[in-house]
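Report on the structure given below.
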Amino acid sequence: MSTIDLRSDTVTRPTPAMREAMAKAEVGDDVYGEDPTVNRLQASAAELLGKEAALLVPSGTMGNQAAIHALVRPGDEVLVGDGAHLVRYESGAAAALSGVQVQQLGDGGLFDGDDVRAATNPSDPHYATTRLVAVENTHNRAGGRIFPLKQIESIAEAARELGLHLHLDGARLFNAVVATGTPAAVWAAPFDTVTFCLSKGLGAPVGSVVCGSAETIARVHRARKRLGGGMRQAGILAAAGLHALEHHVERLAQDHENARRLCAGLERLGFRMGPSPETNMVLFEVSEPARFGEALRERDVWINPFRPGLFRAVTHLDVSREQIDDALARIAEIVEDGVR
Ligand SMILES: Cc1ncc(COP(=O)(O)O)c(C=O)c1O
């Protein structure tokens, strides 16, 4: 029985064609700015997102934190959606590395311009200076939800009124692009900085890119240095990223279809489902999480518990439609044994 790994879209392995592109990559020392493949990736990413400049970083976490570092001062406050990755899963980095405090807004990750207006501190020495608003799209903890463009526009309007910077954690921005047909540059337009990950649905082994104006990216570059993120012959990684942007964007639609198929199948098996999948994540309720988790492992289906009583399955490049059906058949056996 082969393993069906639905824990995350980060578990993909580079395809043979991607490995070939990596092996053939022309490289140089990127700390000297001399790696032609990194430079090509950065130029392509900037163009795709409609920004002046871009910078390759080792991870989405570093992309978020280097962007925050570039945009704030110690003691400032950052506003983010409830459960955002950069506050929940980045080891307190915004506080530890940039000295900011974070206020979470809204419910389920989404919020709008009025939430920003209500949360922004008055200019008064009692309060931290509200400096930055961060949006996550798609929103991981909300189950891969797409942040509605209208809401982003209302946040951008409030940010302009209040003089706040805007950062987009677009770890899975291309899932939103493919699901909606709205180009990446439209999603990115209102933001000072945008990160997207090459190593999630796009299937590259390592890497994220931060995009913004030339001046902002120069500051992000300094922050990357400070965080130890300068890499040398990183063209090997950039080649994987370029390959991903060329060959793995449109196919995200297949992951979204597989997520809908998995959701429908689980519903037929009697599970209470979370919100209908908008992209590549499926949330479902489990009444006996410990027994259910153990039974999944016994049948070599890997799905992570996500919140108490809730599991999250993620579809990706290394899971086919047939494997989704196979996973559903194995889960059906668990349900027949009286565990759900
Ligand atoms: C929304 C979001 N942002 C940022 C990250 C961080 O990416 P990395 O694991 O490359 O640090 C993740 C990782 O899953 C994520 O889901």
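So the values come out like this:
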| item | result |
| --- | --- |
| Of all residues in the range 1-18 being surrounded by fewer than 18 Cβ atoms within 10 Å (Cβ to Cβ) and among the charged types (D, E, K, R), the one that is farthest from Ala329 (Cα to Cα) | Arg13 |
| Neighbours by Cβ (under 7 Å, 6+ apart or cross-chain): first from the range 1-13, under 10 Å from Leu317 (Cα atoms) and in a loop (DSSP other than H, G, I, E, B); second of a type in the set (Val, Ile, Thr) and within 14 Å of the ligand (Cβ to nearest atom) | Asp9/Val314 |
| Per-region count, the range 185-206, residues under 28 Å from Asp76 (Cβ atoms) and touching a strand residue (DSSP E or B) at 6+ places or on another chain (Cβ under 9 Å) | 10 |
| Tally, over the range 188-210, of residues that are under 22 Å from Met18 (Cα atoms), among the small types (Gly, Ala, Ser) and not in a loop (DSSP other than H, G, I, E, B) | 1 |
| Glu294 being under 24 Å from Asn175 (Cβ atoms), at pLDDT 95 or above and acidic (Asp, Glu) | no |
| Pairs with Cβ under 7 Å, 6+ apart, first in the range 178-205 and without any contact (Cβ under 8 Å) to a residue 60 or more places away in the chain and away from the ligand (no atom under 13 Å from the Cβ), second of a type in the set (Val, Ile, Thr) and assigned to a loop (DSSP other than H, G, I, E, B) | Thr180/Ile146 |
| Pairs where the first residue, in the range 295-315, is under 19 Å from Arg145 (Cα atoms) and in contact (Cβ under 8 Å) with a residue 40 or more places away in the chain and the second is in a loop (DSSP other than H, G, I, E, B) and among the small types (Gly, Ala, Ser), C-beta under 6 Å, 6+ apart | Val314/Ser8 |
| Checking Gly235 against (1) within 20 Å of the chain's Cα centre (by Cα); (2) in contact (Cβ under 8 Å) with a residue 60 or more places away in the chain, the condition it does not meet | (1) |
| Residue within the range 268-281 that is among the charged types (D, E, K, R), surrounded by 18 or more Cβ atoms within 10 Å (Cβ to Cβ) and within 23 Å of the chain's Cα centre (by Cα) present | yes |
| Among residues of the range 52-111, those that are more than 19 Å from the chain's Cα centre (by Cα) and over 28 Å from Asp124 (Cα atoms), counted | 2 |
| Meets criteria (outside any helix (DSSP H, G or I), buried (at least 21 other Cβ atoms within 10 Å of the Cβ), within 14 Å of the ligand (Cβ to nearest atom) and among the hydrophobic types (A, V, I, L, M, F, W, C)) for Phe174 | no |
| Close pairs from the range 263-284: first assigned to a loop (DSSP other than H, G, I, E, B), partner at pLDDT 95 or above and of a type in the set (Lys, Arg), Cβ under 8 Å, at least 6 apart | Pro275/Arg145; Ser276/Arg260; Pro277/Arg260; Glu278/Arg145; Thr279/Arg145; Thr279/Arg172; Asn280/Arg172 |
| Positions within the range 224-242 being assigned to a helix (DSSP H, G or I) and surrounded by 24 or more Cβ atoms within 10 Å (Cβ to Cβ), in sequence order | Arg224, Gly235, Leu237, Ala238, Ala239, Ala240, Gly241 |
| Breaking point among (1) surrounded by 14 or more Cβ atoms within 10 Å (Cβ to Cβ); (2) more than 19 Å from the chain's Cα centre (by Cα), for Leu317 | (2) |
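The values are calculated or read from the model by the stated rules, or taken from the named source; none is laboratory data. Everything numeric here is computed off the predicted structure, so don't read it as measured data. Ideal geometry is used to build each Cβ from the backbone, glycine not excepted, and the neighbour counts take in all protein chains shown.
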